[in-house]
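Just below is one structure, and these are the notes that go with it.
The values are calculated or read from the model by the stated rules, or taken from the named source; none is laboratory data. Treat the numbers as computed from the prediction; the structure is a model and nothing was measured. Cβ coordinates were reconstructed from backbone atoms using ideal geometry, including for glycine residues, and neighbour counts include every protein chain displayed.
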Amino acid sequence: MLARMLTRLMDSQRPWTKPLGDWIHGIDHAVFHAVPMLRDLLNGRWLGHPLHPAITDIPIGVLGLVILFDVIGQPVAAWWSLLVGVLAMLGAALAGYADYADTDGRARERATLHSMLMLAALALYLVSLVLRAGSISAAPSVVAVALSVIAWLIVVTSAYVGGDVVYVDGNMVSRHAFRGSGTKWIALEPAEVDALGAIPEGRPVKAKLGINTLVVIRNGGTILALHDTCAHAGGPLSDGALLAGPGGPIVECPWHGSRFRMADGGVVGGPSVYDQPAYEVRPREGGGWEARRAT
């Protein structure tokens with residue numbers, strides 16, 4: 001019952017979160033896609049895990065200490081905790097906006113609500129910090145304490161909304177987290193072949209492998225294959241571009257531009273932070289090909 005009420009409350013914000021989110025996203029996307037190295041750094045590709053959720057616990061925990069230190073009469077500790085918490089919020093916000101640059105649909109609306117709540121909390125914390133700055137060793141004013149308490153409640157509320165973005169909408173969650181890796185060779189069925197019955201050279205081709213859909217390319221005498229569903233947001237890699245790379249061909253997702261090595265599925269460009277499942281392909285007795293998930 002509580003979950004349904006909160007969902008309806010979040011959904012009721014759509015009249016302003018959608019247009020505002022679309023506007024912010026246009027700017028955000030342009031900024032981060034103009035500097036892909038910064039986007040990959042803040043997405044967490046180097047970490048193999050989204051950076052934003054990995055650091056959001058820092059401001060939540062540290063800012064909670066502000067309330068504790070105010071209660072037990074430790075104004076200096078409260079001030080330093082507040083300063084560290086504000087700086088941690090700014091770092092988490094940068095990482096969050098990097099993810100936001102490639103967030104679509106309802107997840108973007110929820111992320112907009114999450115962002116606006118966090119910005120409101122940040123503003124209250126900054127005012128509280130300024131009010132305490134006159135003499136950090138003196139007991140803070142009632143207003144300064146009240147603002148930090150209200151701000152922390154907003155942060156917790158915003159964290160709930162952020163959790164909805166991840167756990168309900170699946171934003172920045174690997175699309176292959178629960179995909180098995182069997183060792184059985186299965187017949188591979190390309191969606192198209194050339195006049196000689198071979199997979200076309202040098203461009204992505206969709207293929208069926210049992211219940212899975214793959215993207216395959218023929219690179220000389222070698223057939224390279226990855227799962228067709230992009231690990232980032234589910235885009236069809238077979239509709240993407242094929243690029244040259246130092247480790248061999250690279251396929252680029254047509255939705256958000258994530259790039260993967262065809263040889264082993266390694267992610268070489270965000271916003272995906274996850275590798276792509278790779279498949280071994282070999283000629284099949286009697287003609288055609290067969291494939292299995294690479295270990």
Which numbered condition trips up Lys206, out of (1) surrounded by fewer than 17 Cβ atoms within 10 Å (Cβ to Cβ); (2) among the charged types (D, E, K, R); (3) under 22 Å from Ala233 (Cα atoms)?
(1)
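Per-residue answers, yes or no, for (1) modelled with pLDDT of 95 or more; (2) outside any helix (DSSP H, G or I):
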residue: Ile60; (1), (2): no, no
residue: Ala77; (1), (2): yes, no
residue: Gly85; (1), (2): yes, no
residue: Ala93; (1), (2): yes, no
residue: Tyr97; (1), (2): yes, no
residue: Asp102; (1), (2): yes, yes
If you take just the strands (runs of 3 or more DSSP E) that sit entirely in region 219-276, which of them hold at least 1 residues that are within 22 Å of the chain's Cα centre (by Cα) and over 14 Å from Asp40 (Cα atoms)?
222-227, 241-243, 250-252, 259-261
Quickly run through region 42-58 and pick out the residues that are of a type in the set (A, V, I, L, M, F, W, C) and in a helix (DSSP H, G or I).
Leu42, Leu51, Ala54, Ile55, Ile58
For region 91-140, give me each residue that is aliphatic (A, V, I, L, M), free of Cβ contacts under 8 Å to residues at least 24 places away in the same chain and touching a Pro at 6+ places or on another chain (Cβ under 9 Å).
Leu131
Residue satisfying all of: in region 70-90; touching a residue at least 60 places away in the same chain (Cβ under 8 Å) and of a type in the set (Gly, Ala, Ser); surrounded by the most Cβ atoms within 10 Å (Cβ to Cβ) among these
Ala78
Provide a single number: the residues in region 1-25 that are surrounded by fewer than 10 Cβ atoms within 10 Å (Cβ to Cβ) and either in a helix (DSSP H, G or I) or in contact with a helix residue (DSSP H, G or I) (Cβ under 6 Å, 6 or more places away or on another chain) (or both).
6
Residues being free of Cβ contacts under 8 Å to residues at least 24 places away in the same chain and within 13 Å of Leu122 (Cα to Cα): count how many of those fall in region 141-174.
2
Pairs, first within 21 Å of His256 (Cα to Cα) in region 9-33, second surrounded by 12 or more Cβ atoms within 10 Å (Cβ to Cβ) and of a type in the set (Phe, Trp, Tyr), C-beta under 7 Å, six or more apart:
His25/Tyr100; Asp28/Tyr97; Asp28/Tyr100
Is it true that Val143 is out of contact with any strand residue (DSSP E or B) (no Cβ under 7 Å at 6 or more places or on another chain), more than 30 Å from Lys208 (Cα to Cα) and surrounded by fewer than 13 Cβ atoms within 10 Å (Cβ to Cβ)?
yes
Odd one out for Leu126 among (1) touching a His at 6+ places or on another chain (Cβ under 9 Å); (2) farther than 26 Å from His232 by Cα
(1)
Residue list for region 37-69, restricted to those being surrounded by 14 or more Cβ atoms within 10 Å (Cβ to Cβ) and more than 18 Å from Gly91 (Cα to Cα)
Leu65, Val66, Ile67, Phe69
Just name the residue that is farthest from the chain's Cα centre (by Cα) out of those in region 104-137 that are of a type in the set (Gly, Ala, Ser), more than 20 Å from Ser272 (Cβ to Cβ) and assigned to a helix (DSSP H, G or I).
Ser128
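One residue is enough: does region 218-236 have a residue meeting the conditions among the acidic types (Asp, Glu) and crowded, with 18+ Cβ neighbours inside 10 Å? Even if it seems obvious, please write down each step before you answer.
Pass one, region 218-236, residues among the acidic types (Asp, Glu): 228.
If we keep only those that are crowded, with 18+ Cβ neighbours inside 10 Å too, we end up with 228.
Among the residues of region 218-236, at least one is among the acidic types (Asp, Glu) and crowded, with 18+ Cβ neighbours inside 10 Å, which makes the answer yes.
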Which residue out of Gly266, Gly288, Gly245 is closer than 17 Å to His176 by Cβ and either surrounded by fewer than 22 Cβ atoms within 10 Å (Cβ to Cβ) or modelled with pLDDT of 95 or more (or both)?
Gly266
